[in-house]
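First the structure, in the form of C-alpha cells, and then the observations on it.
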Amino acid sequence: MTDEDSARLGLPLLAAGQAQKELWHNEALALLDIAVQATVEELGRNAPPAAPQPGQCWIVGATPTGAWSGRAGAIAGWTAGGWRFVAARAGLCARHLPSGETAVCDGIGWQTGEVRATSLVVDGVQVVGARGPAITVPSSGATIDAELRACVEAILIMLRKHGLIAS
C-alpha cells in the first residue's frame, strides 16, 4: 500500500491533476466488486483455475503459483482485464459458495465453521445465550433424592430459559 492507496482495502486513489483518472477509478471499482459482499468458489487454492469466468473469486492458498505467486491469503478475482487481488485483512469476510459458510480473515489466515455471537435467536426466540453457572452434581449420603431433584430442576430451568423446551 502507498500514499496513493486507501487505508483499508488498498484501493487506488485519484491524485489532483492526475491524467487518465478513469483508469484509476475503474481499477478501484473492480477491486470493490471483489471485496464488497465477497463470494468465493474455493478456499485455499494455490493455482489459478484454467477457465475462470468474470466475477468469480477464490481465496488464494499458502503456496500460490503462476499468476497468483506472492498473493498468499488474498482474494483473487477474475475480471475482463485479468486477475485482481484484494489483500486479506483482519475482519474481511467472504461467503464460500459451495458450502454457504462464511470465511473470516483473523489477520493470520482464513477461518470457517465458527460463529461468534453473544446469543443465537431463532424465529424470535433466544435459543443460546451466555453460559449459566455450573449445575451441582448430587453427591451426598445414600439418599440423594433432594439433590437430584434440584439438579434436574436446574437443567429444566436453563432449557426453558433458552427456549429449548416449553414451559
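The values are calculated or read from the model by the stated rules, or taken from the named source; none is laboratory data. Source: prediction; values computed, not measured. Every residue, glycine among them, receives a Cβ derived from its backbone with ideal geometry; neighbour counts consider all protein chains shown. These accessible areas exclude ligands, DNA and RNA; they are computed on the full protein's heavy atoms, side chains included. Shrake-Rupley method; radii C 1.70, N 1.55, O 1.52, S 1.80 Å.
Out of THR63, THR79, report the one residue that is of a type in the set (Ser, Thr, Tyr), open to solvent by less than 60 Å² (accessible area, probe 1.4 Å) and in the same structural domain as GLU42 (by the TED database).
The unique qualifying residue is THR79.
Of the listed requirements (1) hydrophobic (A, V, I, L, M, F, W, C); (2) out of contact with any helix residue (DSSP H, G or I) (no Cβ under 8 Å at 6 or more places or on another chain); (3) assigned to a loop (DSSP other than H, G, I, E, B); (4) assigned by the TED database to the domain that holds GLY107, ALA19 misses just one: (4).
Return yes or no: is VAL40 open to solvent by less than 40 Å² (accessible area, probe 1.4 Å), modelled with pLDDT of 90 or more and farther than 29 Å from VAL128 by Cβ? Judged against the criteria, VAL40 is not a match.
Scan ALA103, ALA142, ALA130 and give me the residue that is on the phi < 0 side of the Ramachandran plot and modelled with pLDDT of 85 or more.
Sole residue among the options that is on the phi < 0 side of the Ramachandran plot and modelled with pLDDT of 85 or more: ALA103.
Scan region 106-119 for residues that are open to solvent by 90 Å² or more (accessible area, probe 1.4 Å), modelled with pLDDT under 90 and over 9 Å from the mean Cα position of the chain (by Cα) and the total you get is 2. Return a yes/no flag: does region 60-70 have any residue that is touching a Pro at 6+ places or on another chain (Cβ under 6 Å) and on the phi < 0 side of the Ramachandran plot. Within region 60-70, one or more residues are touching a Pro at 6+ places or on another chain (Cβ under 6 Å) and on the phi < 0 side of the Ramachandran plot. Count of region 71-100 residues, restricted to those that are at pLDDT 95 or above and at positive phi, is 1. Residues in region 56-75 that are more than 11 Å from GLY44 (Cα to Cα) and touching a residue at least 24 places away in the same chain (Cβ under 8 Å): CYS57 only.
Looking across region 92-101, the residues that are without any contact (Cβ under 8 Å) to a residue 40 or more places away in the chain and either open to solvent by 60 Å² or more (accessible area, probe 1.4 Å) or under 16 Å from ILE34 (Cβ atoms) (or both) come down to SER99, GLU101. State all residues of region 60-88 that are over 18 Å from ASN26 (Cβ atoms) and of a type in the set (A, V, I, L, M); if no residue qualifies, say none. VAL60, ALA62, ALA67, ALA72, ALA74, ILE75, ALA76, ALA87, ALA88, listed by residue number.
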